[in-house]
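A short write-up of the structure that comes next.
The values are calculated or read from the model by the stated rules, or taken from the named source; none is laboratory data. Everything numeric in this text was worked out from a predicted model, so none of it was measured. FYI the Cβ positions are ideal-geometry reconstructions off the backbone, even for glycines, and counts take in every protein chain you see. Areas reflect the complete protein model, heavy atoms only, side chains present, ligands, DNA and RNA absent. Shrake-Rupley method; radii C 1.70, N 1.55, O 1.52, S 1.80 Å.
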Amino acid sequence: MRLSLIIPCYNEQEVLPLFHRKATQVLEKMGCEYELIFVDDGSKDGTLALMKDLAAKDEHVKYLALSRNFGKESAMYAGLVNAKGDYVAVMDADLQDPPELLPKMVEKLQSGEYDCVAARRVSRSGEPKIRSFFARTFYKMVNLISEAEIMDGARDFRLMRRDMVQAVVAMGEYNRFSKGIFSWVGFRTGWVEYPNVERAAGTTKWSFWGLVKYAMDGVVSFSQAPLSAIAWFGLIMTAVAAVMLVFVVVRKLIFGDPVAGWASTMSVIIFIGGLQLFCLGIIAQYLAKTYMESKRRPHYIVSETNDPDAEKIR
Ligand code: UDP
Ligand code: MG
């Protein structure tokens, strides 16, 4: 059995050596063949230099430096494309995905019951309350409207069999929402639960708005529900307007036509106008995604690596 760990890194110089030490400790104890694939996602600090350093000292270390910051999803993709192991795991560099869980995950996978073992944090301690609230609401909403089931608290940390990795890589979409992709490809998933761990060092790469955008991408990538919702909404509004029209005509025939209600008319016009722009905005979200998909740009570009067989553009 050969194990590949993929670690996407963006400005992680504070934790990288610590991660390498901890992960190596665990892996050596497991006694299996392994490789560590560090993907430098266009870091602006000393991350890449540290990776080269580690690669020089440790033959298990492979690094892929992307030509710029492509985002975690692309960095993960680069790692998945180039992983050679029978079992492949994706992990964050900041030790929020504890390497100590690996032996348990491997054991679970070897039992033959599962094709993939994913980690799920069962608490959100140490996270701002408001962030937890929005995260929970997001998971509830997404599961209600999308075709992919996403577990609350599931991280991208998961150990997969070769077959599943191939399936994930074959999902060639440009707008990658891994949580959805993992669920969409199917296979039998086992869960390992653990309490939340705070970042070992360095800072999170997510701003609040970054997360909101991520959530919106998740919905657009895996659900057509907003599109059907606005169609139904339009239909209902039309029906209401028709009833009102009948009412106005009948009132005119019976009571004559007193000119009144300018303010209410204006507010209805503005309301409808706003609603139309909002719905147009939803359609535009899908259109923008379609536009990006239709360009068929590569997911990542590797500018430097110590792996001669690496696929540099895909
Ligand atoms: N990351 C990346 N590219 C980015 C942003 C983040 O490769 O553009 C990596 C980052 O280095 C880390 C992982 O993705 O290993 C998760 O990032 P972070 O810890 O900031 O996210 P959080 O755990 O707060 O959700
Ligand atoms: Mg983190």
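Computed in the context of the full set of protein chains, the accessible area of segment 9-96 at 1.4 Å probe radius has 47% of its extent on carbon or sulfur. For segment 138-218, the fraction of C-alpha pairs farther apart than 17 angstrom is 56 percent. With the Kirkwood sum run over all distinct C-alpha pairs, segment 166-213 has a hydrodynamic radius of 14.0 Å.
If you model segment 18-102 as an ellipsoid using its alpha carbon gyration tensor, with each semi-axis the square root of five times an eigenvalue, the axes come out at 20, 15, 13 Å, biggest first. Considering all C-alpha pairs of segment 54-139, those separated by over 15 Å amount to 73%.
Only the Cβ atoms of Lys and Arg (+1) and of Asp and Glu (-1) were treated as charged; on that basis the dipole of the chain about its Cα centre amounts to roughly 900 debye.
In segment 182-262, the portion of solvent-accessible area held by carbon and sulfur atoms comes to 74 percent [1.4 Å probe, whole percent, DNA, RNA and ligands not counted]. Only Cα pairs under 8 Å and 6+ residues apart enter the sum, and on that basis the relative contact order of the chain stands at 22 percent. Remark on residue 64: its backbone amide H falls under 5 Å from those of 38, 39, 40, a criterion applied only to residues 5 or more positions apart or on other chains, H modelled at 1.01 Å from N.
With the convex hull of its Cα atoms as the shape, the chain has an orientation-averaged projected area of 20.2 nm². Backbone amide hydrogens, once placed in the peptide plane, bring residue 314 within less than 5 Å of 299, 300, excluding anything fewer than 5 places away on its chain. Scanning residues 5 or more positions from residue 94 or on other chains, none has an amide H under 5 Å from its amide H, with H placed 1.01 Å from N in the peptide plane. Centre-to-centre separation between the Cα atoms of segment 92-122 and those of segment 3-18: 17 Å.
Backbone phi angles across segment 186-191, fed through the Karplus curve with coefficients 6.51, -1.76 and 1.60 (θ = phi - 60°), yield HN-Hα couplings of x, 6, 8, 10, x, 10 Hz in residue order; Gly and Pro are listed as x. From its DSSP helices (H runs of at least four residues, each -39,500 (n - 2.57)), the chain gives a residue-normalised ellipticity at 222 nm of -17000 deg cm²/dmol. According to the calculation over all Cα-Cα pairs in segment 168-294, the P(r) per 5 Å bin from zero is 2, 7, 10, 13, 13, 11, 10, 8, 6, 6, 5, 4, 2, 2, 1, 0 %. What the phi angles of segment 290-298 give under the Karplus curve with 6.51, -1.76 and 1.60, with θ = phi - 60°, is a coupling list of 4, 4, 5, 4, 5, 6, 6, 6, x Hz, glycine and proline written as x. Here segment 97-154 exposes an accessible surface that is 58 percent carbon and sulfur, computed with a 1.4 Å probe and the other protein chains kept in place.
Karplus-derived 3J(HN,Hα) values for segment 102-108, using 6.51 cos²θ - 1.76 cosθ + 1.60 with θ = phi - 60°, are 4, x, 5, 5, 4, 4, 5 Hz; glycine and proline are entered as x.
In the context of the full set of protein chains, the chain has a per residue accessible area of 54 Å² (1.4 Å probe).
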